[in-house]
Amino acid sequence: MARALLVVNPYASRVTMERVAEIRAALPGEIDVRLTERRGHATDIAHEARAEGFDALYVFSGDGGFNEVLNGVDGTIPVGFLPGGNTSVLSRALGLPRDPLRAARQVAAGRTRRISLGRVNGRRFGFSAGIGFDAELVRGVDALGRRSDGKRPGDLAFGWVTARTLARRRGRYEPVLDLEGFGRAALVLVANCNPYSYAGPLPLKIAPAARFELGLDVVAPQDVHPLDVPRLIRFMVRGKGQQEASDVIYLHDCGRLTVRCDRPLPFHVDGEDLGDVEEAVFEAERDALSVFV
């Protein structure tokens, strides 16, 4: 019987010990459960999984825990991402149900898919990374703090922070960074798949041609004025127009891109704030990992 490791973030928004027990029972083989205890702990656990002889790795967490595991695996053990967060972009983008028990039953069938990953300044990401606007939003939500049970705010908080950020900026984002070889831009959004993220049930199709099996797609508006904001929102929702827009740099299936900022700017990977950055090297790590789907 196969041995598998189930990594659980007990502070993820939708994780309870009752659900952990149900998921453990739904997964095949002999399941060892380990709870994360600190930031970065899931990376350490994932790194140890191969040495301990596990045949599969499952993660019941939000996107932060998913990202930690991505940075601890070596691609030899298949990984299943079970949605335990409010958004859980990675698992949803891979086609898994939002309900974690249904997702566990689906991955229990053992079907796998080989995907590529992104990497920026040595840090892997599964679905997206960004410099500027969306990293500001991540930081703004984090600044709200956690609820009394240790869980993060939900989608309503994210919507409120978005509206507040645009109002504070008056919808204005000037060119503040350089995409080496491609020109100046106001912000950079880098996608490893489509959708880029979700707003509740709504997929944000910022890079509609992005695919897990390809390199990275890059969307970089060059100069954003208040009148541009409604058009950019339509791009995100409809997934049309980015490629043809004369004021948006759009790169498809990109293998490597260097971005240099005029000043330190907010920076995120998979919705996790990594502080400010002045230079970022984005790379596609092709054919990197087998995932359960």
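The values are calculated or read from the model by the stated rules, or taken from the named source; none is laboratory data. On a predicted model such as this, the values are computed, not experimentally measured, just so you know. Positions of Cβ are backbone-derived with ideal geometry, glycine not excepted, and every protein chain shown enters the neighbour counts.
For the reader, a short list of remarks on this structure follows.
- The condition (being within 21 Å of VAL120 (Cα to Cα), touching a residue at least 40 places away in the same chain (Cβ under 8 Å) and not in a loop (DSSP other than H, G, I, E, B)) is satisfied by just one residue among VAL229, VAL218: VAL218.
- Candidates VAL8, VAL20 - the one that is assigned by TED's automatic domain parsing to the domain that holds ASP74, closer than 18 Å to VAL107 by Cα and under 18 Å from the mean Cα position of the chain (by Cα): VAL8
- The lone criterion from (1) assigned to a loop (DSSP other than H, G, I, E, B); (2) farther than 22 Å from ARG124 by Cα left unmet by ARG184 is number (1).
- If you go through segment 4-46 and keep only what is more than 16 Å from PHE66 (Cβ to Cβ) and of a type in the set (S, T, N, Q), you end up with just THR16.
- Being over 15 Å from VAL190 (Cβ atoms), among the hydrophobic types (A, V, I, L, M, F, W, C) and out of contact with any helix residue (DSSP H, G or I) (no Cβ under 8 Å at 6 or more places or on another chain) is not true of VAL281.
- Residue within segment 279-293 that is part of a loop (DSSP other than H, G, I, E, B) and outside the structural domain of PHE133 (by TED's automatic domain parsing) present: yes
- Flag for PRO203 being part of a loop (DSSP other than H, G, I, E, B), crowded, with 17+ Cβ neighbours inside 10 Å and modelled with pLDDT of 85 or more: no
- Here ARG164 fulfils each of the conditions (1) exposed (fewer than 14 other Cβ atoms within 10 Å of the Cβ); (2) in a helix (DSSP H, G or I); (3) at pLDDT 95 or above apart from (3).
- Any hit, segment 95-106, residues being in a helix (DSSP H, G or I), touching a Ser or Thr at 6+ places or on another chain (Cβ under 8 Å), in contact (Cβ under 8 Å) with a residue 12 or more places away in the chain and surrounded by fewer than 24 Cβ atoms within 10 Å (Cβ to Cβ): no
- Residues (among the hydrophobic types (A, V, I, L, M, F, W, C) and surrounded by fewer than 24 Cβ atoms within 10 Å (Cβ to Cβ)) located in segment 127-145: PHE133, LEU137, VAL138, VAL141, ALA143, LEU144
- So ALA157, is it surrounded by 22 or more Cβ atoms within 10 Å (Cβ to Cβ), in contact (Cβ under 8 Å) with a residue 12 or more places away in the chain and either outside any loop (DSSP other than H, G, I, E, B) or within 12 Å of the chain's Cα centre (by Cα) (or both): no
- Residue within segment 73-81 that is under 18 Å from ALA284 (Cα atoms) and part of a helix (DSSP H, G or I) present: no
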